[in-house]
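These notes are about the structure you will find just below.
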Amino acid sequence: MTMKERTKALLQEMNRGIYEKETEVALSLLAAVAGESIIILGPPGVAKSMVARRLKAAFKNAKSFEYLMSRFSTPDEIFGPVSIALLKSSDRYERAIDGYLPTADVVFLDEIWKAGPAIQNTLLTVINEKLFRNGEREIRLPLKLLVAASNELPAQGEGLEALWDRFLIRVESGCIKEQAHFDQMLLDGDDGMEAACDEQWQISNEEYDLWTESIKAIGVADDLLACIHVVRKALGAVAMATSDERHNVYVSDRRWKKIVKLLRTSAFLQDRKQAELADLLPIYHCLWNEPDERDDIRRIVIRSLFAEFGTTLAKMKMAIEADVRLSRMHDAAKKAKAATQQRDGNKKIVDGFYYHLLDHDTGNSYVFIADYQRMRDYSRANAGQLGVLYKDPKDARRTIIRSYDGADFPDGARQVSLVRDADNLYIDGVQFEIEKLAPGEQQQLPVARGKVSDRNYFAELDELGDKVRKREEEIRGNIFLSKDDRDELTGYLKGFYQEMALTREEIGKLDD
């Protein structure tokens with residue numbers, strides 16, 4: 001059995017009999033194997049403590065410790081009382097730690113922010129270094145996971161920032177959303193708190209130590225590091241969910257170091273020799289400081305995973321736009337040259353591609369020759385065709401007149417009705433004369449400079465689509481993704497694929 005299959009089987013066992021806590025359980029297991037800690041934010045009564053109890057079941061012969069903090073809690077209640085016997089017999093100040101936090105594999109501390117400074121300061125070392133100083137002895141703790149819980153963020157200005165930073169994974173937990181799950185919970189005779197896990201899936205201490213060493217040998221792919229750089233830069237302007245504000249989200253270097261360890265652990269548990277882009281999405285749980293930042297940070301991570309493809313598509317669109325423009329210039333040049341041999345040969349060609357209207361917009365209006373050639377002939381019974389008037393973006397003094405080809409209207413464009421006859425253009429039924437060559441004046445025929453590339457854009461777009469779908473499949477295969485993560489990924493890719501479809505339509509204009 002592969003490591004990924006075993007991890008999935010273990011998660012399935014741990015989630016049996018509980019509802020809509022898959023994300024909390026999965027991320028807690030990931031944190032436990034990585035040797036990190038997790039904090040769960042949520043209101044009372046949403047089974048936050050159950051997550052820790054389920055994690056205890058993941059380890060063979062594991063010991064657990066749970067405590068509900070209050071402002072009256074003392075270090076004795078968490079780390080064990082001072083041994084009076086040792087104090088009397090040997091004058092040694094040591095705690096009797098059996099049954100308390102220092103001997104536990106899995107710890108759950110509820111209402112963590114209510115603990116006093118003495119407890120919080122000791123927890124800093126416990127969480128970060130897995131060490132506890134008991135009298136003159138420094139003890140290496142068996143702690144695999146510390147789960148903290150609260151219904152609020154740490155208060156500002158009370159020195160809690162260091163402890164908050166120690167919790168690598170931060171996840172919000174709420175009430176059951178799906179009605180069917182809610183009904184099951186109501187009718188289930190089991191309270192779901194205690195969980196027995198099949199021994200074949202449980203992790204022994206020997207395995208845990210071996211896994212810890214194996215995780216250290218997991219590599220980190222170069223493109224994953226590049227993606228982390230993109231995310232780190234984007235954290236400078238994170239949108240808030242409840243306002244138009246943007247925050248600079250601070251993530252310490254120590255935290256980034258631990259995030260990479262988490263990515264290595266994710267790769268190890270999914271049978272990869274190195275951490276890859278497929279491991280990255282869940283790290284948004286490690287980056288937010290306020291819940292209102294979470295959704296935009298998740299979007300930032302998703303965009304970063306497809307950033308290279310977005311860049312490729314943007315460059316392709318620019319090349320297509322240039323080729324379409326060149327193609328139209330060539331087409332216009334051909335039609336203008338042909339017009340000199342037909343009935344429009346006496347009309348003066350301006351700047352290679354325009355006819356000039358003498359008395360419209362004080363003589364500053366120009367119509368594309370190719371568009372003029374395609375217009376309907378004037379007839380009182382013949383309705384005009386749709387056209388647009390807009391200011392030339394390269395010369396604001398000019399008004400450009402075009403027949404409408406279905407593209408987006410230029411900024412400030414006005415819709416009009418257009419028809420023509422041998423010497424005039426009719427705009428909304430009003431006749432405007434086109435300038436003709438003066439006697440003896442030579443026609444300046446247009447020359448289309450530049451060559452339309454011979455790139456196979458359709459093939460390039462198909463190849464890009466294959467790469468995007470492959471990346472999507474790899475990301476969706478991550479067993480630590482939640483349903484919300486997958487839904488957000490679907491929404492982002494829907495927009496990406498729509499942009500590719502529009503690009504395909506632009507390519508089609510090269511064949512027109």
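The values are calculated or read from the model by the stated rules, or taken from the named source; none is laboratory data. Keep in mind it's a predicted model, so treat the numbers as computed, not measured. Please note: Cβ atoms are built from the backbone with ideal geometry, for glycine as well, and neighbour counts cover all protein chains shown. What goes into the accessible areas is simple: the full protein's heavy atoms, side chains included, and nothing from ligands, DNA or RNA. Shrake-Rupley method; radii C 1.70, N 1.55, O 1.52, S 1.80 Å.
The trypsin sites (Lys or Arg not before Pro) found in the stretch 268-325 that occupy coil by DSSP, while having at most 11 further C-beta atoms within 10 Å, are Lys273.
Taking amide H as placed 1.01 Å from N in the peptide plane, Gly135 has its amide H under 5 Å from the amide H of Arg95, each at least 5 places away in sequence or on another chain. Computed with a 1.4 Å probe on the full set of protein chains, the accessible area for Phe480 sits at about 10 Å².
Solvent-accessible area per residue in the chain equals 51 Å², computed with a 1.4 angstrom probe and all protein chains kept. FRET efficiency for the Lys494 to Ala85 pair, using the beta carbon distance and R₀ = 56 Å, is estimated at 0.25. The modelled label-to-label distance for the pair Asp198/Arg6, using points 7 Å beyond Cα in the direction of Cβ, is 1.4 nm.
Here the stretch 382-397 is scanned for amide nitrogen atoms under 19 Å from the site 7 Å beyond the Cα of Asp361 along Cα-to-Cβ, giving 385-397.
Could you list, in their original order, any pairs among Lys233/Lys257; Lys144/Lys261; Lys144/Lys177; Lys8/Lys48; Lys130/Lys257 whose Cα atoms are separated by more than 19 Å? Each step should come with its number before you reach the end.
Details: Lys233/Lys257 16 Å; Lys144/Lys261 15 Å; Lys144/Lys177 31 Å; Lys8/Lys48 21 Å; Lys130/Lys257 17 Å.
Where the Cα-Cα span goes over 19 Å, the pairs concerned are Lys144/Lys177; Lys8/Lys48.
Bridging of Lys436 to aspartates and glutamates at a Cα separation below 20 Å is possible for Asp344, Asp351, Asp359, Asp361, Asp371, Asp377, Asp421, Asp423, once same-chain residues fewer than 8 apart are set aside.
Among the protein heavy atoms of the chain, carbon and sulfur supply 49% of the accessible surface, probe 1.4 Å, non-protein parts ignored. Note on the stretch 1-78: Cα convex hull, mean projected area over all directions, 6.6 nm².
Residues whose amide H comes within less than 5 Å of that of Arg398, counting only those at least five positions distant or on another chain, are Asp392 (H built at 1.01 Å from N in the peptide plane).
Take the convex hull of the alpha carbons in the chain; its mean projected area over all directions comes to 35.1 nm².
Around the amide H of Gly219, modelled in the peptide plane, lie the amide H atoms of Gln274, Ala275, all under 5 Å away and 5 or more residues distant in sequence or on another chain. For the stretch 372-442, the list of trypsin sites (Lys or Arg not before Pro) that fall in a loop by DSSP and count at most 13 other C-beta atoms within 10 angstrom reads Arg380, Lys394. Derived scalar couplings between HN and Hα for the stretch 24-33 equal 4, 5, 5, 5, 5, 5, 4, 5, 5, 5 Hz in order, rounded to whole Hz, by the Karplus curve 6.51 cos²θ - 1.76 cosθ + 1.60 (θ = phi - 60°), x for Gly and Pro. Between the C-alpha center of the stretch 47-92 and that of the stretch 448-512 there is a gap of 54 Å.
Heavy atoms only, 1.4 Å probe, whole protein assembly: order Lys348, Lys467 by accessible area, highest first.
Greatest to least solvent exposure: Lys467, Lys348.
In this structure, Gln385 and Glu308 have a Cβ-Cβ separation that, at R0 = 30 Å, corresponds to a calculated FRET efficiency of about 0.10. Each peptide in 117-125, 498-506 receives the mean, over its residues, of other Cβ atoms within 10 Å, and ordering these scores from highest gives 117-125, 498-506.
Taking R0 as 35 Å, what's the FRET efficiency between Glu245 and Asp331 from their Cβ-Cβ distance, rounded to 0.05?
Rounded to the nearest 0.05, the efficiency is 0.10.
At 7 Å along the Cα-to-beta-carbon direction for both Phe409 and Glu136, put a label point, then send me their distance in nm to one decimal. It works out to 8.8 nm between the two label points. Measuring with a 1.4 angstrom probe and ignoring ligands and nucleic acids, Ile176 comes out at about 40 Å² accessible. Working note: Karplus 6.51/-1.76/1.60 with θ = phi - 60° gives the stretch 310-317 the couplings x, 5, 4, 5, 5, 5, 5, 4 Hz, where Gly and Pro are set to x. Across the stretch 359-371, computed HN-Hα scalar couplings (Karplus, 6.51 cos²θ - 1.76 cosθ + 1.60, θ = phi - 60°) run 10, 10, 6, 6, x, 10, 10, 9, 10, 4, 4, 4, 5 Hz from first to last residue, x flagging Gly and Pro. Taking label points 7 Å from Cα along the Cα-to-Cβ direction, Glu433 and Ser70 give a separation of 9.9 nm. Once you reduce the stretch 383-405 and the stretch 288-308 to the center of their Cα atoms, the two points are 42 Å from each other.
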